[in-house]
Amino acid sequence: MNETGKPKAEQSRAFIFDLNGTMINDMEYHLTAWYTILNDELGAGLSREEVKSHMYGKNGELLDRIFGKGHFSEAQVAEISQVKEASYQEAFRPHLQLIAGLPEFLRRADRRHIRMAIGSAAITFNIDYILDNLSIRHYFKAIVSADDVTISKPHPETFLKAASLVEVAPPGCLVFEDAPKGVEAAYNAGMRCVVLTTMHEKDEFRDYPNIVHFIEDYRDPALDELFA
């Protein structure tokens, strides 16, 4: 523990990044895409805040939470997902960039030979869209998407699989997240966490003792301790 009573962040051998809201500031675009299709196409009648509260896990799990399990067939879920993701990508494309400071942060971690992975609830289609358009795939030793796990966050499967693939035990992994369910997944995996406040306020994370820092972006000098 450090002087603030929080767990220490230094000496991590691996960094595991969530993607949306953590590496790119795109969650409002996901929210708009979901809000539109859920209300205009599917008649859910939800407010933006209600839609936001359901935005974790796989697309099919989100639909199950709102409409009930089995309401849509697998083919219908796939079709809805395709429409939603296409709408999100089209809207976000002009704004596609890494969160401030992240390009240098990735280079710095790479120079220190810190193993890096992505552990995201995004589908492979969206992860590829980000990694390839921003030319950052080479930094990551492992990529775990929604397509690679059975149970989504807050279950720890995503992060535990990423840790296994980079061959670092959970206590040696530091997770970067933006969502409470993601921080909970890191906690359940036995991992510490840095929180990006891109979509949620600090007080939404008050129940999680594994948080080492809150940051707005990767220019925060608090991150220097990760390389000490």
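See the values below:
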item	result
Residues located in region 39-98, provided they are β-branched (Val, Ile, Thr) and under 18 Å from the mean Cα position of the chain (by Cα)	VAL51
Filter result for ARG93 (at pLDDT 95 or above, more than 28 Å from SER164 (Cβ to Cβ) and of a type in the set (Lys, Arg))	no
Residue in region 117-151 that is nearest to the chain's Cα centre (by Cα), counting only those that are buried (at least 19 other Cβ atoms within 10 Å of the Cβ) and among the polar types (S, T, N, Q)	SER120
Residue, modelled with the highest pLDDT, within region 170-222, restricted to residues that are of a type in the set (Lys, Arg) and out of contact with any Pro (no Cβ under 7 Å at 6 or more places or on another chain)	ARG219
Enumeration of residues in region 118-142 that are touching a strand residue (DSSP E or B) at 6+ places or on another chain (Cβ under 9 Å) and within 19 Å of TYR56 (Cβ to Cβ)	ILE118, GLY119, SER120, ALA121, ALA122, THR124, ASN126, ILE127, ILE130
In region 1-53, residue modelled with the highest pLDDT [restricted to those that are buried (at least 16 other Cβ atoms within 10 Å of the Cβ) and among the charged types (D, E, K, R)]	ASP18
Residues that are touching a residue at least 40 places away in the same chain (Cβ under 8 Å) and either part of a helix (DSSP H, G or I) or surrounded by 15 or more Cβ atoms within 10 Å (Cβ to Cβ) (or both), drawn from region 187-212	MET191, ARG192, VAL194, LEU196, THR198, MET199, ASN210, ILE211, VAL212
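The values are calculated or read from the model by the stated rules, or taken from the named source; none is laboratory data. Computed from a predicted model, the values in this text were never measured in an experiment. All Cβ positions, even for glycine, are placed from backbone atoms using ideal geometry, and neighbour counts span all protein chains on display.
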